[in-house]
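What follows is one structure encoded as structure tokens, with my remarks underneath.
The values are calculated or read from the model by the stated rules, or taken from the named source; none is laboratory data. Bear in mind the structure is a predicted one, so any value in this text is a computation, not a measurement. Note that we place each Cβ from the backbone using ideal geometry, even for glycine, and neighbour counts take in every protein chain shown. Ligands, DNA and RNA are stripped out before the accessible areas are found, and what is left, the full protein with its side chains, is counted by its heavy atoms. Shrake-Rupley method; radii C 1.70, N 1.55, O 1.52, S 1.80 Å.
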Amino acid sequence: MVILTDDLEQSSSNNNRDEKYDVFLSFRGIDTRLNFTNHLHQALERNNLKTFLDKEDIPTGHFLKPELENAIKSSSASVIVLSKNYASSTWCLDELVLILDRHKNFNQIVIPIFYHVEPTDVRKQKNSFGDAMAKHKKTMMKETNVFKKMQWAEKIKIWKEAITQVSNLTGFDVKGRLETEFIKEIVKDLSKRVRVPLRTSLPLLIGKEDAIEYISSWLKDGSSNTVDILSIYGMGGIGKSTLAKYIYDSYCREFDTSSIVEDISRKCVGNINGLLDLKNQLCNDISKASSIQVHDVSVACDKVLIVLDDIDSLDQLDALLGSKDFNQGSKIIITTRDMSLTERCELCKTKAECRHTKYPLEHLSNDASLKLLCHHAFNCEEFKDGYKVVSEEILKYCEGHPLALKVLGSNLYNRDLSYWEGCIKELKKGPEGPVSRVNNILKMSFDSLESQNDKDLFKYIACYFDETYRPFVEIILQACNINTGTGIQHLTDKCLLHIGRNDMLEMHSLIQEMGKYVVDLEYENPEERSLLWRTEDSIKVLKKKVGTRNIKALGIRPRGSLLELETDAVSKMDNLKLLLLHDVLLKGSYENFPKDLIYFRMYGSPLESMPSELQMKKLVVLSLSYSNIKSFDVSSNSMLPPGKR
């Protein structure tokens, strides 16, 4: 049995080997860890440069830790703080060799900093650098093992070459400088030279050239003494979030501080602490004290860039912005489906110095639509021979909607002409109207999934695992006999799923809504469906005690006070695999509790101990976040799987 907390559901492992960094700091701990390097690290992080700083020194003679090698290899730039004792550490010298290899073969940016050492001493290896190399040579001479002695000799040769090489690179010399100003100069230089890879896919920006030019000009406009707010509005799936994220990634480094808060409406639905968490995220991003915890965003800050993505209520906007005092020159971008929200928000009503601009994001032109469709359907910018008529029919039906073109084009990839024609006929049978047409396309892509495994996987992710760490989902669903290995790949190929940063599973909100709609279509009565994702349906079924063997997963996220239910309400759900309860107390005997549970979440449970009669032999994940559970009755074999009793 695996016992996990909800933290793993929403974030990747801290030891994720694929984690990317903007900057790697190489330094000698005894020289600069508690002063210069620490201050530099904080300044880089404040300016949105994700920076790796190791928290412990490795004794001389030990090999580099794997996480250090991975951090160097996954960084865009390395800063090497050449201090008095840098060369005395074999660890630092091994880092230097690897960094220069990445510089030579992978164009990694390398910036040496001469910290109270003369560049000529480094280049010619004199004084402390000469003493360090002499010490290493002395260690080599004492070695009695011939093979190890040869290894030492080879290493010393490589280290000397690396020291000479790094000393010839353009860098910074702290001599005669105030460290605060010196650090600002380093950060400014790195901000210009390092660019975080865009989180968005460039094909999704086809046809957005005018919008990018307009918003870029708006961001660069410093003529007014105001706080500028831009509302990007339009229907769902039109590309508002994609555009805003691209703009943020392109310009965030030109501001003192910045923050992007994504998927706001979705993160607030059914989550009583969702808005407070987002407020804390925003405040932590734009304040210089990253540990601050707030209940109201009211901290004064520098010139900031803020992106609030997918606002759908005035309450959300007022909670995040309020009547905050932003400095002149700050820019706020809001994406929404309701263009009236921003002009009604508290900030615009109470602050005369706020200037509000609206930008409607329109459907794509016919030329841009063709490029986007062809990119996904043919992997090029023009339709194939013989596909002109059907391509024009698809363009006419999609009416320039980017998400519809992307999903439908991916579904038509490598399909013959008859398949295209059949697809068009099916689409025309559905209801008309822009929203209905997009839903028809999304539903058709789901229907085209070739295996029941992939359809089940899609429904589980849509209902329970959007924005969840991929390995966590795989552990659970594979135990439910769902093939996630090929299934996730098939869903991403169909553009029904996206693997985001840090290996998170992500779905567009319209696609997720379609998935939940498909589940609701199974049966009219909730108790007959396979997945109960809507809290009110779950509560209704449990209170009436009408659950059936059809139900494989059930989730409850009540709002407000603790919800009390009877344990026998789930006794008839013999096939229940996932039971996800938030702030729920199950009262009564657990003897007839479902015995095939794979994932049991007891978020906020008031129970102080696990019931001894609870049989969980197939349990894979037990989540007890924010619960009062203090003990397990491990004397009972019922809690342990076979072979672990």
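Of all the listed residues (521, 510, 562), the sole one being open to solvent by 60 Å² or more (accessible area, probe 1.4 Å), out of contact with any Lys or Arg (no Cβ under 6 Å at 6 or more places or on another chain) and modelled with pLDDT under 90 is 562. Residue 350 falls short on exactly one of the conditions (1) closer than 23 Å to residue 438 by Cα; (2) polar (S, T, N, Q); (3) open to solvent by 60 Å² or more (accessible area, probe 1.4 Å), and that condition is (1). Among the residues of the range 585-625, those that are in a loop (DSSP other than H, G, I, E, B) and in contact (Cβ under 8 Å) with a residue 60 or more places away in the chain comprise 598, 616, 618, 619, 620, 624, 625. Residues in the range 574-584 that are more than 21 Å from residue 631 (Cα to Cα), in contact with a helix residue (DSSP H, G or I) (Cβ under 9 Å, 6 or more places away or on another chain) and either without any contact (Cβ under 8 Å) to a residue 60 or more places away in the chain or not charged (D, E, K, R) (or both): 576, 578. For the range 419-433, the criterion of being open to solvent by 40 Å² or more (accessible area, probe 1.4 Å) and either under 29 Å from the mean Cα position of the chain (by Cα) or among the polar types (S, T, N, Q) (or both) is met by no residue. Scanning the range 3-27 for residues that are among the charged types (D, E, K, R), over 23 Å from residue 181 (Cβ atoms) and at pLDDT 55 or above yields 9, 19, 20. For the range 601-613, the condition holds for at least one residue, the condition being that it is open to solvent by 20 Å² or more (accessible area, probe 1.4 Å), under 27 Å from residue 474 (Cβ atoms) and of a type outside the set (Gly, Ala, Ser).
Among all positions in the range 506-513, there is at least one residue which is farther than 28 Å from residue 396 by Cβ and outside any loop (DSSP other than H, G, I, E, B).
The single condition from (1) in a strand (DSSP E or B); (2) within 18 Å of residue 281 (Cα to Cα); (3) charged (D, E, K, R); (4) open to solvent by 70 Å² or more (accessible area, probe 1.4 Å) that residue 315 fails is (1).
Yes or no, residue by residue, for (1) touching a residue at least 40 places away in the same chain (Cβ under 8 Å); (2) basic (Lys, Arg); (3) on the phi > 0 side of the Ramachandran plot:
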| site | (1), (2), (3) |
| --- | --- |
| 121 | no, no, no |
| 129 | yes, no, no |
| 132 | yes, no, no |
| 149 | no, yes, no |
| 157 | no, yes, no |
| 160 | no, yes, no |
| 165 | yes, no, no |
| 169 | yes, no, no |
| 175 | yes, yes, no |
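Residue by residue, here is whether (1) under 32 Å from the mean Cα position of the chain (by Cα); (2) modelled with pLDDT of 90 or more; (3) β-branched (Val, Ile, Thr) holds:
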{"residue": "62", "(1), (2), (3)": "no, no, no"}
{"residue": "68", "(1), (2), (3)": "yes, no, no"}
{"residue": "79", "(1), (2), (3)": "yes, yes, yes"}
{"residue": "90", "(1), (2), (3)": "no, yes, yes"}
{"residue": "96", "(1), (2), (3)": "yes, yes, no"}
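Yes or no, residue by residue, for (1) on the phi > 0 side of the Ramachandran plot; (2) under 29 Å from the mean Cα position of the chain (by Cα); (3) surrounded by fewer than 16 Cβ atoms within 10 Å (Cβ to Cβ):
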residue	(1), (2), (3)
320	no, yes, no
332	no, yes, no
341	no, yes, no
360	no, yes, yes
367	no, no, yes
374	no, yes, no
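Kindly establish whether residue 378 is within 30 Å of residue 551 (Cα to Cα), open to solvent by less than 80 Å² (accessible area, probe 1.4 Å) and hydrophobic (A, V, I, L, M, F, W, C). In short, no.
Of all the numbered requirements in (1) open to solvent by less than 90 Å² (accessible area, probe 1.4 Å); (2) in a helix (DSSP H, G or I), residue 207 misses one, and that requirement is (2).
Taking residues in the range 507-535 that are more than 17 Å from residue 441 (Cα to Cα), and partners anywhere that are open to solvent by less than 10 Å² (accessible area, probe 1.4 Å) and of a type in the set (Ser, Thr, Tyr), the pairs with Cβ atoms closer than 8 Å and at least 6 places apart or on different chains are 526/538; 532/538.
Among residues of the range 126-180 being part of a loop (DSSP other than H, G, I, E, B) and hydroxyl-bearing (Ser, Thr, Tyr), the one that is farthest from the chain's Cα centre (by Cα) is 144.
The number of residues in the range 537-559 being surrounded by fewer than 14 Cβ atoms within 10 Å (Cβ to Cβ) and in a helix (DSSP H, G or I) comes to 2. Going by what's in this entry, would residue 607 be described as more than 21 Å from residue 464 (Cα to Cα), modelled with pLDDT of 85 or more and of a type outside the set (Ser, Thr, Tyr)? Judged against the criteria, residue 607 is a match.
Taking the range 271-282 as the range and being open to solvent by less than 20 Å² (accessible area, probe 1.4 Å) and at pLDDT below 85 as the test, only 274 passes. Taking the listed residues 403, 412, the one that is surrounded by 13 or more Cβ atoms within 10 Å (Cβ to Cβ), in contact with a helix residue (DSSP H, G or I) (Cβ under 6 Å, 6 or more places away or on another chain), of a type outside the set (Lys, Arg) and within 20 Å of residue 494 (Cβ to Cβ) is 412, with no other qualifying. Of all residues in the range 320-366, those being without any contact (Cβ under 8 Å) to a residue 12 or more places away in the chain and either under 22 Å from residue 211 (Cβ atoms) or hydroxyl-bearing (Ser, Thr, Tyr) (or both) number 1.
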